[in-house]
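This report refers to the structure that appears directly beneath it.
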Amino acid sequence: AIQTKFLNAFNQFQLKEKEYERQKKLYDAGVASGENFQVTATEFQNAKETMNGLKAQLHLLNINAAQVAQGKLAQKIPILSPITGAVEKVKVKTGQYVSAQTELFEILNVEDVHADLMVFEKDIENVAIGQQVRLTLKSRPGLEMMANIISVGRVFEENPKAVHIHAEIENKPKNLIPGMYLTGKIITTNHLIEAIPTEAIFTENNRDFIFKTEENNGKWYFTPIEVKTGIKDNNWITITFMNPKDKNVKFALNNAYYLQAEMNKGEGGHSH
């Protein structure tokens, strides 16, 4: 119906435009009265506004007004989604009448998936926008992702009493689907501390050690250094050195118990 209305309005506009141009020439030549010219100008302007209003409606429906003006009426009208994504749900049926408020489809933008986490009441005071979050998928425990908090809720949910936070995921892996369950660890401080993989630690007589490495003429030598261990996070653990260390010293990052076994065989240093 709107296409027909626009076509009629377009034809009417063309007629009014020609009449306006004719009356203008007569008025400029002093033949027509000013009153007739004013009436014609008003009718021309009204026809133009009516046509432009209907043209704007066609534009909203993604219908080419120029094609309609030539009598080529669109038989199908595409529905454009405001976002790029996949159709998750269809909420209408063929032939159903819909209003401007009717929800037609549910679209999921899988390219812009955010992490939705719950933070308990006792921890919320330590959470802020901009903090980093270390995420782990329940279905893929070996995959770790980093994210940044972009919003913190202001209303507590019940059972459990917690607040929603949203975090934007960095370097999203493929096949990340909305609805996946994940856990997150929020990095609430930015203090630099020394940490080492847990595989680099070995314990002897209730004391913790790591191996200092030195290379000489193609041979590697390993010396145990006592440390005090602290907080463990996944496969990393914080350490404090019992004595000051050279900033350029290097340490073995794995196979600590294998090196300990070799050391206990009586080999003070050996090559690898």
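What's the local net charge at residue 61, with K and R +1, D and E -1, over the other residues with C-beta under 14 Å away? Result for the neighbourhood of residue 61: +3. Backbone geometry of segment 61-73 corresponds, through the Karplus equation with coefficients 6.51, -1.76 and 1.60 at θ = phi - 60°, to 3J(HN,Hα) couplings of 8, 6, 9, 6, 5, 5, 5, 5, 4, 8, x, 8, 7 Hz, x marking Gly and Pro. Computed packing ranks the peptides 227-234, 91-98 as 227-234, 91-98, most packed first, by mean other Cβ atoms within 10 Å. In summary, the lysines within cross-link reach of residue 174, defined as a Cα separation below 25 angstrom excluding same-chain residues under 8 places away, comprise 89, 138, 185. In segment 3-155, the convex hull through the Cα atoms has an average projected area of 17.9 nm², a quarter of its surface area. For segment 68-88, the residues whose amide N sits under 20 Å from a probe point set 7 Å from the Cα of residue 11 along the beta carbon direction are 68-75. Charge tally around residue 132: other residues with Cβ under 15 Å, Lys/Arg +1 each, Asp/Glu -1 each, net -2.
With 19 Å as the cut-off, how large is the P(r) tail for segment 120-174, expressed as percent of Cα-Cα pairs? Cα-Cα pairs in segment 120-174 separated by more than 19 Å: 38 percent. Annotation: the residues 103, 226, sorted from fewest to most other C-beta atoms within 10 Å of their own C-beta, follow the order 103, 226. Put a dot 7 Å past the Cα of residue 228, heading toward its Cβ, do the same for residue 212, and the two dots end up 1.9 nm apart. When each of 181, 221 is scored by the number of other beta-carbon atoms lying within 10 Å, the sequence from fewest to most is 181, 221. Taking label points 7 Å from Cα along the Cα-to-Cβ direction, residue 203 and residue 104 give a separation of 6.4 nm. Using 20 Å as the cut-off for backbone N distance, which residues of segment 213-236 belong to the label zone defined by a point 7 Å from the Cα of residue 250 along Cα→Cβ? Label zone hits: 213-226. Cα centroids of segment 6-57 and segment 61-92: how far apart, whole angstrom? When both Cα centres are located, 32 Å separates them.
Please compute the contact order of segment 113-187 in relative form: average sequence separation of alpha-carbon pairs under 8 Å and at least six residues apart, divided by the residue count, as a percent.
Rounded, it is 43 percent for segment 113-187.
For segment 203-211, 3J(HN,Hα) computed residue by residue from phi via the Karplus equation (6.51, -1.76, 1.60; θ = phi - 60°) reads 10, 8, 6, 6, 10, 9, 9, 10, 9 Hz, glycine and proline entered as x.
A value for P(r) over Cα pairs in 10 Å bins from 0, in percent was derived from the coordinates, and within the list (1) 5, 15, 15, 14, 13, 10, 8, 8, 6, 4, 2, 1, 0; (2) 7, 27, 35, 24, 6, 1; (3) 6, 26, 31, 22, 10, 4, 2, 0 it appears as (1). Evaluated with a Cβ-only charge set (Lys, Arg +1; Asp, Glu -1), the chain carries a dipole of roughly 920 debye about its Cα centre, given to the nearest 20. For the pair residue 177 and residue 81, label points projected 7 Å from Cα toward Cβ lie 1.6 nm apart. Taking all Cα pairs closer than 8 Å and separated by 6 or more residues, the relative contact order of segment 1-112 comes to 23 percent.
Where a number appears in this text, it was derived from the coordinates with a stated rule and is not lab data. Computed from a predicted model, the values in this text were never measured in an experiment. With ideal geometry, Cβ positions are generated from the backbone for all residues, glycine too; neighbour counts draw on all protein chains shown.
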